[in-house]
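Contents: one structure, followed by commentary.
Readers should treat all values here as calculations from the given coordinates under stated rules, not as data from a laboratory. Computed from a predicted structure; not experimentally measured. Because the Cβ atoms are built from the backbone with ideal geometry, glycine has one as well, and the counts that use them run over all protein chains shown.
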Amino acid sequence: LANRAFHPEDSIINVSGVKVGGDNLAMIAGPCSVESYEQVLEIARAAKASGANLLRGGAFKPRTSPYSFQGLGLEGLDILTAVKEETGLPIVTELMSDKYLDVFNEKVDLIQIGARNMQNFDLLKELGQLDRPILLKRGLNATYEEWIMSAEYIMASGNENVILCERGIRTFESYTRNTLDLQSIPVLRKLTHLPIIVDPSHAGGKWWLVDSMAMAAIAAGADGLMIEVHNDPESALCDGAQSLKPNKYDELLKQVAQIANVV
Ligand code: PEP
Ligand code: MN
């Protein structure tokens, strides 16, 4: 179902009125984690003014250590919903457990499946039952074929609204958090008709790498960007080191617009 051979045109996925794919750029911005209503609202307003059209924020966080901040859970989801009402930005947030399928289906505009759950096949099958589009991030060590097969699981179960997200893969290099695989953009475009966006924040793990990789992703034909933006990165509860301040995000989107005009 994901195969380009049987579906030559690019798929355009409708995320609560925001079109993703084709000539449309998805600009997803927001904090790694939802920390408070005031925090998310301030970031969302600034990001929207810069040109973001979707708001991200983790309520359920897949942290490496059980002692790290795990997210605000359902309270975080309520905060995102309140900020959506205030700003009009549809929300993108990660689902980790089938326990919350119903509430996510009701409240979340674009359901994110994180790198660590890319091959949680039972969860993928359940996503096929939902009406909401799915943002499927590439697994930390997933090949293109494995990633496409995970999209296929969701589609074969009944939900063909899948957007792919390249977020860097594990390599021997440890200076950066992951290695951004820009080749995945033309390869996935050749193999599938699904939109593909890029997350340079989790790829590099450093805020000063985000600009160049974001521009390179757009130049390579990505259908959008997911970027972590924080109003006070130094005190962020998660991923401050890779988060852009709102003014930097604003500068970046101006540069991205110029590149998007040429490609
Ligand atoms: C995220 O986007 O919040 C996240 C945890 O990313 P990933 O699953 O790519 O590590
Ligand atoms: Mn993060």
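Say whether the condition of being out of contact with any Pro (no Cβ under 8 Å at 6 or more places or on another chain), in a helix (DSSP H, G or I) and under 30 Å from ILE259 (Cβ atoms) is met by at least one residue in the stretch 62-78. Checked against the condition, which is being out of contact with any Pro (no Cβ under 8 Å at 6 or more places or on another chain), in a helix (DSSP H, G or I) and under 30 Å from ILE259 (Cβ atoms), the stretch 62-78 yields no hits at all.
Residues in the stretch 16-60 that are within 16 Å of ligand 1 (Cβ to nearest atom), of a type in the set (Val, Ile, Thr) and either over 13 Å from the mean Cα position of the chain (by Cα) or surrounded by fewer than 19 Cβ atoms within 10 Å (Cβ to Cβ) (or both): VAL34, VAL40, ILE43.
Give the number of residues within the stretch 128-143 that are surrounded by fewer than 18 Cβ atoms within 10 Å (Cβ to Cβ) and either away from ligand 1 (no atom under 16 Å from the Cβ) or among the hydroxyl-bearing types (Ser, Thr, Tyr) (or both).
Of the residues in that region, 4 qualify.
Do we find that LYS125 is under 27 Å from MET155 (Cα atoms), buried (at least 19 other Cβ atoms within 10 Å of the Cβ) and basic (Lys, Arg) in this structure?
no
When the stretch 222-263 is limited to residues that are of a type outside the set (A, V, I, L, M) and assigned to a strand (DSSP E or B), the one that is surrounded by the most Cβ atoms within 10 Å (Cβ to Cβ) turns out to be GLU228.
Looking across the stretch 87-109, the residues that are within 12 Å of ligand 1 (Cβ to nearest atom) and in a strand (DSSP E or B) come down to VAL92, THR93, GLU94. Name every residue in the stretch 213-240 that is more than 10 Å from ligand 2 (Cβ to nearest atom), among the acidic types (Asp, Glu) and within 24 Å of ARG45 (Cβ to Cβ), in order of residue number. Scanning the stretch 213-240 gives ASP232, GLU234.
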